[in-house]
Amino acid sequence: MTTQSSDLVFRIYSMHNYEQHVTEMNDLFQRCESTNYKSVTMGDNNKLPIVFHCESIDYLRCMKQYPESYCYTLINPKDGCVVAIVALHIKFVYFGSSLVTVTFSRLARVDPAQRRQNLSINLMMQVSQTVIDHGSDYITGYTTYTNVPSLGLQQRLYGSFSNTLSQLNHFILSTGTTSETIKLHKLSVEETERLWMVDMIDWVQRPSLSDLHRIIHMNEYIGIFAVGDFSSGRYAAAMIWEPLTVMLCDDRSSTNNAYRGRFRLALNFFQSSSSLPSITVHEREHLISALSNAAANDKIPFLICDIEESSPFTSLVQQKALAVTTANISRVPLTKRFADMADQFTNSPIWFDPRDFGSLLYFKPLSKELQSQL
């Protein structure tokens, strides 16, 4: 689809034809590389140094990971350069037993030489209409809490931040082997379906069954692992994912031969309600230790834990973390049906899709000042 907007051309590419224009889109990502750091830290008054950051080696890998994906672009017709882009992914997710359609927004970029010209607003206004035409019930996304330009754009588009649900903490842990023997059980497909359909029934944004199978058959998926007794319903578990196109970079000045390479992502930390209160903390500690040990045995030096602020795992992981960055979780209702439904799930845990992991993350060491913002 192509339309003319002022002196720029608005084009939509789907997951089926975006590769014909991937060079032009990657050129924009490269032009933005030098300004990424400033964009995500310009609202940060904390003077602590950046100690880790992530880098993508394929920004558009995400176009192949979802049931339906689109790139929305503004193009300069004179030279064919892409000057603005946003990628959206459409999928079906569950809120309780209700299946709804969600659009996940990511990869918004504007050419550094053409910022402050309302290109983001112009692009997103056109994108919003096509999202409504696709029948989405709501839009969701994660924005680093210091990324003032993106937060400002959201406010201009969607009004006040009453749609901000909570915060997602990205903690970095150093992995290491332990002499303590902890049995780590990898869930089978059938057990994964039970966890998703029965045990996590009160979690929101759980994927449709077909999409869950798509996720667990991807090369990045390592598994869902549990400690305790899964069969009896007394256990703690988490999903493990290894991004293939994102590198973790160690920026600590005291580090010799600074690391740039693979890492593991742990998310959707869950503890069964049938666990006895006296052993719940013990299970959580064992799960973190076992996941760290498994990664270390596979020569993976770092584990990033994505944990919602309200999770019972947050304080435990925070005690062990080397660094942290935080994102706002937003949800913008598009239909009355969903707006009415969402009120019922205001405080429900959120199921995080590992495909949604973004590379525009800059981590700072934990401190009293930073912890107070979590």
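The values are calculated or read from the model by the stated rules, or taken from the named source; none is laboratory data. As the structure is a computational prediction, the values presented were derived from the model and not from experiment. Positions of Cβ are backbone-derived with ideal geometry, glycine not excepted, and every protein chain shown enters the neighbour counts. Ligands, DNA and RNA are excluded from the accessible area calculation, which covers all protein heavy atoms including side chains. Shrake-Rupley method; radii C 1.70, N 1.55, O 1.52, S 1.80 Å.
Return the only residue of 20, 30, 65 being among the polar types (S, T, N, Q), in contact with a helix residue (DSSP H, G or I) (Cβ under 9 Å, 6 or more places away or on another chain) and in the same structural domain as residue 123 (by the TED database). Walk me through how you get there before you give the answer.
Values: 20 fails: in contact with a helix residue (DSSP H, G or I) (Cβ under 9 Å, 6 or more places away or on another chain); 30 fails: in contact with a helix residue (DSSP H, G or I) (Cβ under 9 Å, 6 or more places away or on another chain).
Going through 20, 30, 65 in turn, just one is among the polar types (S, T, N, Q), in contact with a helix residue (DSSP H, G or I) (Cβ under 9 Å, 6 or more places away or on another chain) and in the same structural domain as residue 123 (by the TED database): 65.
Is there a residue being surrounded by fewer than 17 Cβ atoms within 10 Å (Cβ to Cβ), touching a residue at least 12 places away in the same chain (Cβ under 8 Å) and among the basic types (Lys, Arg) anywhere in the range 244-255?
Yes, the range 244-255 contains a residue that is surrounded by fewer than 17 Cβ atoms within 10 Å (Cβ to Cβ), touching a residue at least 12 places away in the same chain (Cβ under 8 Å) and among the basic types (Lys, Arg).
If you go through the range 62-79 one residue at a time, do you hit one that is open to solvent by 20 Å² or more (accessible area, probe 1.4 Å) and among the small types (Gly, Ala, Ser)? Working first, answer last.
Initial filter on the range 62-79 (open to solvent by 20 Å² or more (accessible area, probe 1.4 Å)): 64, 67-68, 70, 76-79.
Then keep just the ones that are among the small types (Gly, Ala, Ser); that gives none.
Checked the range 62-79: no residue is open to solvent by 20 Å² or more (accessible area, probe 1.4 Å) and among the small types (Gly, Ala, Ser).
Which of the residues belonging to the range 39-59 are out of contact with any Phe, Trp or Tyr (no Cβ under 7 Å at 6 or more places or on another chain) and open to solvent by less than 30 Å² (accessible area, probe 1.4 Å)? Before you say what the answer is, go through the steps one by one.
Just the residues of the range 39-59 that are out of contact with any Phe, Trp or Tyr (no Cβ under 7 Å at 6 or more places or on another chain), to begin with: 39, 42-49, 54-58.
Those that are out of contact with any Phe, Trp or Tyr (no Cβ under 7 Å at 6 or more places or on another chain) and open to solvent by less than 30 Å² (accessible area, probe 1.4 Å): 39, 44, 46, 54, 56.
Inspect the range 203-221 for any residue being at pLDDT below 95, more than 28 Å from residue 338 (Cα to Cα) and open to solvent by 20 Å² or more (accessible area, probe 1.4 Å) and give the result as yes or no.
Scanning the range 203-221, I find no residue that is at pLDDT below 95, more than 28 Å from residue 338 (Cα to Cα) and open to solvent by 20 Å² or more (accessible area, probe 1.4 Å), so the answer is no.
So, in the range 222-233, exactly how many residues are crowded, with 19+ Cβ neighbours inside 10 Å and modelled with pLDDT under 90?
0
Restricting attention to the range 124-135, does a residue exist that is under 22 Å from residue 87 (Cα atoms), within 16 Å of the chain's Cα centre (by Cα), modelled with pLDDT of 80 or more and not small (Gly, Ala, Ser)?
The first filter runs over the range 124-135 and keeps only residues under 22 Å from residue 87 (Cα atoms), leaving 124-135.
In the following step, the residues that additionally are within 16 Å of the chain's Cα centre (by Cα) were identified as none.
No: zero hits.
Are any residues in the range 5-17 out of contact with any helix residue (DSSP H, G or I) (no Cβ under 9 Å at 6 or more places or on another chain) and open to solvent by 50 Å² or more (accessible area, probe 1.4 Å), and if so, which ones?
Answer for the range 5-17, where residues must be out of contact with any helix residue (DSSP H, G or I) (no Cβ under 9 Å at 6 or more places or on another chain) and open to solvent by 50 Å² or more (accessible area, probe 1.4 Å): 7, 16, 17.
Looking only at the range 108-139, filter to residues that are of a type in the set (D, E, K, R) and crowded, with 22+ Cβ neighbours inside 10 Å; which one of those is nearest to residue 7 (Cα to Cα)? Full working, then the answer.
So the first thing to find is which residues in the range 108-139 are of a type in the set (D, E, K, R), and the list is 109, 111, 115-116, 133, 137.
If we keep only those that are crowded, with 22+ Cβ neighbours inside 10 Å too, we end up with 109, 137.
Working: 109: 19, 137: 32 Å.
Within the range 108-139, the match that is nearest to residue 7 (Cα to Cα) is 109.
Does the range 267-278 contain any residue that is under 14 Å from residue 173 (Cβ atoms), surrounded by 17 or more Cβ atoms within 10 Å (Cβ to Cβ), touching a Gly at 6+ places or on another chain (Cβ under 9 Å) and at pLDDT 95 or above? Spell out the reasoning first.
So the first thing to find is which residues in the range 267-278 are under 14 Å from residue 173 (Cβ atoms), and the list is 267, 269.
Those still in the list that are surrounded by 17 or more Cβ atoms within 10 Å (Cβ to Cβ) too: 267, 269.
This time we only want the ones that are touching a Gly at 6+ places or on another chain (Cβ under 9 Å), so: none.
No, there is no match, as no residue in the range 267-278 is under 14 Å from residue 173 (Cβ atoms), surrounded by 17 or more Cβ atoms within 10 Å (Cβ to Cβ), touching a Gly at 6+ places or on another chain (Cβ under 9 Å) and at pLDDT 95 or above.
Exactly one condition in (1) within 20 Å of the chain's Cα centre (by Cα); (2) open to solvent by less than 30 Å² (accessible area, probe 1.4 Å); (3) under 22 Å from residue 128 (Cβ atoms) is not met by residue 36; state its number.
(3)
Could you tell me which of the residues 292, 311 is buried (at least 22 other Cβ atoms within 10 Å of the Cβ), under 14 Å from residue 174 (Cα atoms) and not aliphatic (A, V, I, L, M)? Lay out the reasoning, then the answer.
Details: 311 fails: under 14 Å from residue 174 (Cα atoms).
Exactly one residue qualifies, and that residue is 292.
Being in contact with a helix residue (DSSP H, G or I) (Cβ under 7 Å, 6 or more places away or on another chain), in contact (Cβ under 8 Å) with a residue 24 or more places away in the chain and either open to solvent by 30 Å² or more (accessible area, probe 1.4 Å) or assigned to a strand (DSSP E or B) (or both) is the requirement here; does residue 105 meet it?
Working: in contact with a helix residue (DSSP H, G or I) (Cβ under 7 Å, 6 or more places away or on another chain): no; in contact (Cβ under 8 Å) with a residue 24 or more places away in the chain: yes; either open to solvent by 30 Å² or more (accessible area, probe 1.4 Å) or assigned to a strand (DSSP E or B) (or both): yes.
Considered against the rule, which asks whether it is in contact with a helix residue (DSSP H, G or I) (Cβ under 7 Å, 6 or more places away or on another chain), in contact (Cβ under 8 Å) with a residue 24 or more places away in the chain and either open to solvent by 30 Å² or more (accessible area, probe 1.4 Å) or assigned to a strand (DSSP E or B) (or both), residue 105 comes out as no.
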